[in-house]
Amino acid sequence: MTKKRSILVTGGTGYIGSHTAVELIEKGYDVVILDNLSNSHAEVIDSIEKITGVRPGFANIDLNNKSAVQEFLRIHPVEAIIHFAAFKAVGESVEKPLEYYRNNLVALINLVELCRDQGIRNFVFSSSCSVYGEPDYLPIDEAAPVKPAQSPYANTKKIGEDILRDASAVLNMNIVSLRYFNPVGAHASHQIGEYPLGTPLNLFPIVMQTAIGKRPGMKVFGQDYNTPDGSCIRDYIHVVDVARAHVVAIRRMLEGKCKNKYELFNLGTGTGLSVLEVIHAFEKSTGIKINYSCVDRRAGDVEKVYADTSYANSELGWKAEHSLEDMIRSAWAWEQELQKKTMVGSK
Ligand code: UDP
């Protein structure tokens with residue numbers, strides 16, 4: 001029997017990390033997870049085991065603790081790292097810029113140095129469409145200029161990409177940055193989904209919480225954008241499609257198929273949807289009315305952004321497959337699971 005190829009997933013108990021761990025295990029990879037549980041739950045490891053029948057290796061280690069990560073990698077040698085672990089709240093990053101720069105960038109530098117020193121040749125970075133800022137044209141492709149970041153969080157993604165591009169020039173490594181548009185939805189098993197410790201701020205979880213009655217109503221930020229219905233437009237993509245793109249990127253690296261030492265790809269569907277279209281699609285799909293009011297714009301929001309996915313489609317041989325209906329149904333099923341967990345927790 002050939003030995004399984006080992007992948008380290010940092011932030012593997014988080015939202016996208018846990019879905020990626022599942023997809024990797026199901027494709028026959030050996031997965032080890034590092035997470036400091038700063039915004040996730042250790043029980044996600046149990047959920048991954050329930051879905052896949054395999055329990056991934058796990059350690060609660062902060063990536064800023066380089067010697068602890070080094071020791072972990074000595075015991076668990078890996079061929080590739082997928083690096084999700086990072087702070088990700090835009091508003092909080094404005095309040096705590098130094099914490100964001102230290103946490104997101106020191107961890108990244110530590111990991112790449114460890115790759116260099118331990119001969120790990122493959123690295124995937126979670127980036128974001130926020131690096132495009134307000135796009136000059138749509139759909140936006142990878143050749144578009146990177147704009148000044150709108151928040152310390154977005155700047156950590158932009159600087160992270162710069163660090164990796166510069167490092168790749170002098171390292172014997174394959175590095176891939178994946179620019180996520182708006183990942184939403186949950187695994188079809190309803191065992192994992194978005195499960196942050198604090199209050200969610202993103203559109204999908206807020207729609208779900210409003211529908212289930214955790215919130216009396218929700219706000220639609222901005223009604224005077226230059227869009228057909230006045231609300232902002234985004235490219236929502238099912239989290240399982242995002243997770244699968246990571247598996248494809250890993251395979252490309254391990255099979256030696258990267259065309260450049262540093263590559264980057266958009267992960268979106270290519271379809272732009274407004275906030276109101278999302279709310280109305282949810283109402284139509286579930287029959288539940290959402291109590292919303294249209295209010296002023298939220299600071300820092302871009303008007304519209306959606307991906308040109310042709311490069312990812314042709315180069316990675318990957319395409320988002322889930323529909324908006326899949327995103328809504330899975331997110332709603334997961335919200336109902338979360339409700340059960342809270343009820344058990346409050347007994
Ligand atoms: N949004 C909204 N009400 C909310 C949360 C989000 O109208 O309570 C809008 C937000 O202004 C943006 C879109 O939904 O236009 C997506 O926001 P989200 O925070 O999910 O992702 P972002 O695109 O900011 O990363």
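Computed from the coordinates by the stated procedures, all read-outs in this text should not be read as laboratory data. Values in this document were obtained by computation on a predicted structure and should not be read as measured data. Note: ideal-geometry Cβ built from the backbone for every residue, glycine included; neighbour counts use all protein chains shown.
Details
- Across the range 199-341, the convex hull enclosing all Cα atoms gives 139 Å³ per residue.
- Theoretical gain in end-to-end length, residue 288 to residue 37 [0.36 nm per residue, Cα-Cα removed]: 87.0 nm
- Within the chain, percent of DSSP bridges classed antiparallel, to nearest 5: 5 percent
- Calculated Rg and Dmax of the chain using C-alpha coordinates, Å: 19.5, 61
- Its Cα gyration tensor gives the range 1-147 an equivalent ellipsoid; the semi-axes, largest first and in whole Å, are 27, 18, 17.
- Restraint check, 50/96; 147/214; 27/341; 219/340; 27/261; 289/341, Cα-Cα greater than 32 Å: 50/96; 147/214
- Over the range 104-245 - Rg/Rh using Cα atoms and the Kirkwood inverse-distance radius: 1.01
- Using Cβ point charges alone (K and R +1, D and E -1), the dipole size of the chain about the Cα centre works out to roughly 640 debye.
- Charge sum, other residues only, whose C-beta stays under 15 Å from residue 56's C-beta, Lys/Arg counted +1 and Asp/Glu -1: -2
- Shown here for the range 204-306: trypsin sites (Lys or Arg not before Pro) in loop regions (DSSP other than H, G, I, E, B) with at most 11 other Cβ atoms within 10 Å, namely 259, 289.
- The longest stretch of the chain left intact once loop-based GluC sites (Glu not before Pro) with at most 16 other Cβ atoms within 10 Å are removed from consideration, loops following DSSP, is 44-254.
- Computed over neighbours whose Cβ is under 14 Å from that of residue 279, the net charge equals +2, Lys and Arg +1, Asp and Glu -1.
- Dipole of the chain computed with +1 at Lys/Arg Cβ and -1 at Asp/Glu Cβ about the Cα centre; of 125, 67, 258, farthest Cα towards the positive end is 67.
- Each label point was placed 7 Å from the Cα along the Cα-to-Cβ direction; for residue 70 and residue 201 their separation is 3.5 nm.
- The chain: DSSP helices with Cα axial extent of at least 15 Å and average Kyte-Doolittle hydropathy no lower than 0.0: 15-26, 107-118, 239-254, 275-286
- Whole-number D in µm² s⁻¹ for the range 65-126, Kirkwood Cα-pair radius fed into Stokes-Einstein, 25 °C, 0.890 mPa s: 195 µm²/s
- Calculated FRET value between residue 298 and residue 251, using beta carbons and R₀ = 51 Å, to 0.05: 0.85
- Extent of the range 152-224 along its three principal axes (Cα atoms, max minus min coordinate, largest first): 54, 38, 22 Å.
- Counting charges near residue 233 (Lys, Arg +1; Asp, Glu -1) among other residues having Cβ under 10 Å from its Cβ returns a value of -2.
- Alpha carbon convex hull of the range 279-347, volume per residue in cubic angstrom: 191 Å³
- Mean sequence separation of contacting Cα pairs (under 8 Å, at least six apart), scaled by the length of the chain, corresponds to a relative contact order of 19 percent.
- The chain, helix-only ellipticity at 222 nm - DSSP H runs n ≥ 4, -39,500 (n - 2.57), divided by all residues, nearest 500: -12000 deg cm²/dmol
- At an R0 of 30 angstrom, the distance between the Cβ atoms of residue 310 and residue 165 translates into a FRET efficiency of 0.85.
- Relative contact order (percent, whole number), the range 138-246, Cα cutoff 8 Å, 6+ residue spacing: 25 percent
- Spin-label pair residue 226-residue 27: with each label point 7 Å from Cα along the Cα-Cβ axis, the two points sit 4.0 nm from one another.
- The range 120-185 shape via C-alpha gyration tensor axes, a/c threshold 1.5: prolate
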